[in-house]
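Novice: Structure incoming, see below.
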Amino acid sequence: MTGAQLKEELIAYSKSIGIDKIGIASADVFTSLKTRLYEQQRLGYQSGFEEPDIEKRTTPALLVSEAASIISIALAYPSKMKNPPRSVKGQRRGIFCRASWGKDYHHILREKLQLLEQFLKEKVPGISIKSMVDTGELSDRAVAERAGIGWSGKNCSIITPEFGSYVYLGELVTSVSMPPDQPITDQCGTCNKCVEVCPTGALVQGGQLDSGKCIAFLTQTKDFLPDRYREKLGNRLYGCDTCQTVCPKNKGIDFHLHDEMEPDPELAKPLLEPMLFMSNREFKDSFGHVSGSWRGKKPIQRNAIIALAHYKEESAVPKLIRLMNEDPRPVIRGTAAWAIGKIGGPLSLQSLNIAKEQEKDGNVLVEIDKGLQMLENHGIS
């Protein structure tokens, strides 16, 4: 069987198992990406979540001996939720980004990639293959761009002509050679909307991201969120979709092709107050199957506290006082103290003053003082 024949059969098989788009890239070194990554490293723009070895990220032959081709796949996910619950006073809600709706996409794509592996091993005995999704060494985006899945947009997402940027990506590095697909010409043109509206200025310029400023990254951190980003967080619990929702290429795009990607509205847009005292077991039972749970409940609970402060939800103050006084985690106690000061109300001043007398952790005391200062600024002292 020639490489061209194998590619034709592979494409037909991929459609039969529900892969929305597939492309083939050469396994040559990603030379321009390597240059960009070293520059990102020099500027300190990396998130720390990616593979630290830039050579591995850009040299497929380091991952599969005799690497010849890379197969890139894309699956489209929904951009709109059916019957989303409303966030109203007394019942405020947070939001998980679209990439965390439904079943964790890592599992969905790995299942598809495993099927492709089995198919290839039957067709080409002795083939070497390595598959990866998101957390692998290679850049999913660079592979997809080379394979003609889409172009790399200014919002640092792959934008496909068919599905916009609402796609999950994965790839297989293989030792078999197949005719590569042609990359798609960049279609962002002069549009700069994503760069202009990024809430934190994380998109330094089109196609360059300062990961440490990106809200999607910040929602996953476990420490105190820097003050300058708390207002920007809004009601986001995990991830950020702003640079996708403003993209003209995503206008009117909403595909519901995979049942397992459909969001449960009560989990994608959950009530905030019940999340504050969730046990690890309750969190895992409710959210363990979504990609946004991978860092555990602590970042989500911290973000829920900030969201309640964003709404100035006075009904939450008694619960926040309880967190401030009883939670064993300094980040949660301190963020609750800050939120109490931000929200205000008759209970805030006394509770913060009492907590200041009892608290031993220096970082929490700093947050209590911030809360007291906000109250003073509003004439409450």
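Novice: Taking the options A304, A316, A337, name whichever one is farther than 30 Å from K112 by Cα, buried (at least 22 other Cβ atoms within 10 Å of the Cβ), touching a strand residue (DSSP E or B) at 6+ places or on another chain (Cβ under 9 Å) and not polar (S, T, N, Q).
Specialist: Values: A316 fails: touching a strand residue (DSSP E or B) at 6+ places or on another chain (Cβ under 9 Å); A337 fails: touching a strand residue (DSSP E or B) at 6+ places or on another chain (Cβ under 9 Å).
One residue alone meets the criteria, A304.
Novice: Also, quick follow-up: Restricting to the range 141-158, count the residues that are touching a residue at least 60 places away in the same chain (Cβ under 8 Å), surrounded by 21 or more Cβ atoms within 10 Å (Cβ to Cβ) and either over 17 Å from the mean Cα position of the chain (by Cα) or not in a loop (DSSP other than H, G, I, E, B) (or both).
Specialist: 8
Novice: Moving on to the next point. Given the conditions (1) in contact (Cβ under 8 Å) with a residue 40 or more places away in the chain; (2) closer than 23 Å to P85 by Cα; (3) more than 19 Å from the chain's Cα centre (by Cα), which single one is not true for K249?
Specialist: (2)
Novice: I'm told A67 meets every condition in (1) assigned to a loop (DSSP other than H, G, I, E, B); (2) within 21 Å of the chain's Cα centre (by Cα) except one. Can you identify the failing condition by its number?
Specialist: (2)
Novice: Report the residue count in the range 26-64 for those that are modelled with pLDDT of 85 or more and in a loop (DSSP other than H, G, I, E, B).
Specialist: 8
Novice: Identify all residues within the range 216-241 that are assigned to a helix (DSSP H, G or I) and either closer than 19 Å to K370 by Cβ or touching a Pro at 6+ places or on another chain (Cβ under 6 Å) (or both); write none if there are none.
Specialist: Correct list: L218, D227, R228, Y229, R230, E231, K232, L233.
Novice: May I pose another question? Does E367 meet the test of being without any contact (Cβ under 8 Å) to a residue 40 or more places away in the chain and in a helix (DSSP H, G or I)?
Specialist: Judged against the criteria, E367 is not a match.
Novice: Follow-up. For the range 205-215, how many residues are at pLDDT 95 or above and assigned to a helix (DSSP H, G or I)?
Specialist: The total comes to 2.
Novice: Across the range 267-286, what is the total count of residues that are touching a strand residue (DSSP E or B) at 6+ places or on another chain (Cβ under 9 Å) and within 22 Å of L320 (Cα to Cα)? Spell out the reasoning first.
Specialist: Within the range 267-286, the first condition is being touching a strand residue (DSSP E or B) at 6+ places or on another chain (Cβ under 9 Å), and the residues that meet it are 267-273, 275.
From the residues that got through so far, the ones that are within 22 Å of L320 (Cα to Cα) too are 267, 269-273, 275.
Matching residues across the range 267-286 total 7.
Novice: If you don't mind, another one. Within the set of pairs 6+ apart or on separate chains, which have a first residue in the range 195-215 that is within 18 Å of S165 (Cβ to Cβ) and in contact (Cβ under 8 Å) with a residue 60 or more places away in the chain, a second that is part of a helix (DSSP H, G or I) and not hydroxyl-bearing (S, T, Y), and C-beta atoms under 6 Å apart?
Specialist: S211/F217
The values are calculated or read from the model by the stated rules, or taken from the named source; none is laboratory data. These numbers come from a predicted model, not from an experiment. Cβ: placed from backbone, ideal geometry, glycine included. Neighbour counts: every protein chain shown.
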